[in-house]
């Protein structure tokens, strides 16, 4: 079975600063990896995904993530954050044969301060 | 992108009553839908996988008689919380997968917040 660990429960940063949200996963088979964002009292919105190919994945809102198979990591980065990026971010993993059955990390609350 | 809608967004009910939450795929047909539960400040926990025209598959520890799932059409799945109690209060989120896709991409509803008094 797969598992996901988000190493930081809360990340406070100042506006226009860079940010990295860390995610590590565990699985015995090949996986797909995702980052979702959740605004208060809303569902989840897909930021980006890694299925195969280039290990550097670019998503919406200026976010990108890099898949590192040897370190089993999929960290999310943004070079310059905005106040509007304040939200909860979830890393998720799906085994290739599981048919979209996602396992989510615990989430990281990103708070961007002026 | 594809749109998934949940209704109601908020519901308050008395203990012992049943509540139905709808999940609709508005612009695509969803052969598979997933129901998640999210407690405050916590992650999403998969409750069950709903397949159109067949019985739902429940995750370990989820009471199938308490959380009734019906996926009667390719655009609608319902979750009914039967004889609700305060501990059932939570944020329930559904997601849907477009037919034939096994890439894992899901489209999520806005969520439904249930408060049981």
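For region B:56-73, the criterion of being modelled with pLDDT under 95, within 24 Å of residue A:30 (Cα to Cα) and out of contact with any strand residue (DSSP E or B) (no Cβ under 6 Å at 6 or more places or on another chain) is satisfied by at least one residue. In region A:59-79, the condition of being part of a loop (DSSP other than H, G, I, E, B) and at positive phi is met by at least one residue.
With the structure loaded, tell me whether residue B:49 is part of a strand (DSSP E or B), under 15 Å from the mean Cα position of the chain (by Cα), within 12 Å of chain A (Cβ to nearest Cβ) and free of Cβ contacts under 8 Å to residues at least 40 places away in the same chain or whether it fails that test. So residue B:49 fits the description; yes. The combined condition, being away from chain A (no Cβ under 13 Å) and surrounded by fewer than 20 Cβ atoms within 10 Å (Cβ to Cβ), is not fulfilled by residue B:77.
Applying the selection to region A:38-58, what residues are under 22 Å from residue B:109 (Cβ atoms) and crowded, with 18+ Cβ neighbours inside 10 Å?
A:38, A:43, A:44, A:47, A:48, A:49
Screening region B:1-41 for strands (runs of 3 or more DSSP E) wholly inside it with 1 or more residues that are within 11 Å of chain A (Cβ to nearest Cβ) and either touching a helix residue (DSSP H, G or I) at 6+ places or on another chain (Cβ under 6 Å) or surrounded by 19 or more Cβ atoms within 10 Å (Cβ to Cβ) (or both) returns the ranges B:4-7, B:19-25, B:30-38. Among the residues of region B:64-71, at least one is free of Cβ contacts under 8 Å to residues at least 24 places away in the same chain, under 22 Å from residue A:102 (Cβ atoms) and either within 13 Å of chain A (Cβ to nearest Cβ) or part of a loop (DSSP other than H, G, I, E, B) (or both). Per the conditions (1) part of a loop (DSSP other than H, G, I, E, B); (2) within 11 Å of another protein chain (Cβ to nearest Cβ); (3) buried (at least 16 other Cβ atoms within 10 Å of the Cβ), the sole criterion not satisfied by residue B:94 is (1).
To keep it simple, each residue is scored yes or no on (1) part of a strand (DSSP E or B); (2) more than 14 Å from chain B (Cβ to nearest Cβ); (3) at pLDDT below 95.
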position: A:16; (1), (2), (3): no, yes, no
position: A:28; (1), (2), (3): no, yes, yes
position: A:33; (1), (2), (3): yes, no, yes
position: A:40; (1), (2), (3): no, no, yes
position: A:57; (1), (2), (3): yes, no, no
position: A:93; (1), (2), (3): yes, no, yes
position: A:100; (1), (2), (3): no, no, yes
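Within region A:69-82, one or more residues are away from every other protein chain (no Cβ under 14 Å) and without any contact (Cβ under 8 Å) to a residue 24 or more places away in the chain. Report yes if some residue within region B:2-19 is under 24 Å from residue A:45 (Cα atoms), free of Cβ contacts under 8 Å to residues at least 12 places away in the same chain and touching a strand residue (DSSP E or B) at 6+ places or on another chain (Cβ under 6 Å); otherwise report no. For region B:2-19, residues under 24 Å from residue A:45 (Cα atoms), free of Cβ contacts under 8 Å to residues at least 12 places away in the same chain and touching a strand residue (DSSP E or B) at 6+ places or on another chain (Cβ under 6 Å): absent.
The values are calculated or read from the model by the stated rules, or taken from the named source; none is laboratory data. Predicted model, so just to flag it, every value in this text is computed and none were measured. Cβ sites come from the backbone with ideal geometry, for glycine too, and all protein chains shown count toward neighbours.
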